[in-house]
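Worksheet: one structure, shown below.
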Amino acid sequence: MTRHEAYDDRLRIWEVDCLLLDSILALSFEPEELLTRCQSAGVPLRLCDCASARQVLHAVHEASHADTPLARLVEHNLDVLHRASLERLEGGLLEELHDELRGADLWSVPDLAGKLWALATSSGEGLDPLRHHVRGAIVVDGLRLLAERVHGPKATAEVLEWRL
């Protein structure tokens, strides 16, 4: 069964929300692994020399905005890597996915990358509010972790407590 037969109604990688795609790429691959996969498949990253992890992710992201060999390669890799989450969502476990992604800090969600890939590529009705929530959670959780690195855990906790 081909990818198209199994997931005909799914969104393609070039249709996926940008913030979700960046999150999925960062959680699914080490930058060196992503670069190696692309190079070994003969798909060059032409957008940069990719000296940093951020540049690798940016180059793959940019190349994934259209139906390109690189986009298809990365999409296939993500489909294989996250097959279990895709099958769970296809099997009707949308409510479970909803509860997991809304219920806690994202870093505590098991197989977060797979669940994000399933959510991002699902064409099921009514998923836009969950996508919106998850995009906000990614930003807030990421900023909390960044603030902790900049200001230290105690200062971050005090700021969060004051604002709540």
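The values are calculated or read from the model by the stated rules, or taken from the named source; none is laboratory data. These figures come from a predicted structure and were not determined experimentally. Because the Cβ atoms are built from the backbone with ideal geometry, glycine has one as well, and the counts that use them run over all protein chains shown.
Data table
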quantity	calculated
Pair list, Cβ under 6 Å, 6 or more apart: segment 58-81 residue more than 14 Å from residue 21 (Cβ to Cβ), other residue outside any helix (DSSP H, G or I) and at pLDDT below 90	69/43; 73/41; 73/43
Qualifying residue in segment 5-17 (condition: hydrophobic (A, V, I, L, M, F, W, C), over 13 Å from the mean Cα position of the chain (by Cα), surrounded by fewer than 19 Cβ atoms within 10 Å (Cβ to Cβ) and at pLDDT below 90)	yes
Segment 101-133: number of residues that are surrounded by fewer than 17 Cβ atoms within 10 Å (Cβ to Cβ) and within 14 Å of residue 24 (Cα to Cα)	3
Any hit, segment 42-51, residues being among the aliphatic types (A, V, I, L, M), at pLDDT 90 or above and touching an Asp or Glu at 6+ places or on another chain (Cβ under 7 Å)	no
Residue list for segment 95-111, restricted to those being assigned to a helix (DSSP H, G or I), farther than 19 Å from residue 128 by Cα and either over 17 Å from the mean Cα position of the chain (by Cα) or not aromatic (Phe, Trp, Tyr) (or both)	108
Residue match in segment 59-69 (condition: in contact with an Asp or Glu (Cβ under 8 Å, 6 or more places away or on another chain), at pLDDT 85 or above and part of a loop (DSSP other than H, G, I, E, B))	yes
Residue list for segment 54-100, filter: exposed (fewer than 13 other Cβ atoms within 10 Å of the Cβ) and either of a type in the set (Val, Ile, Thr) or in contact with a Pro (Cβ under 6 Å, 6 or more places away or on another chain) (or both)	80
The lone exception for residue 132 - which of (1) modelled with pLDDT under 70; (2) within 22 Å of residue 10 (Cβ to Cβ); (3) not acidic (Asp, Glu) it fails	(1)
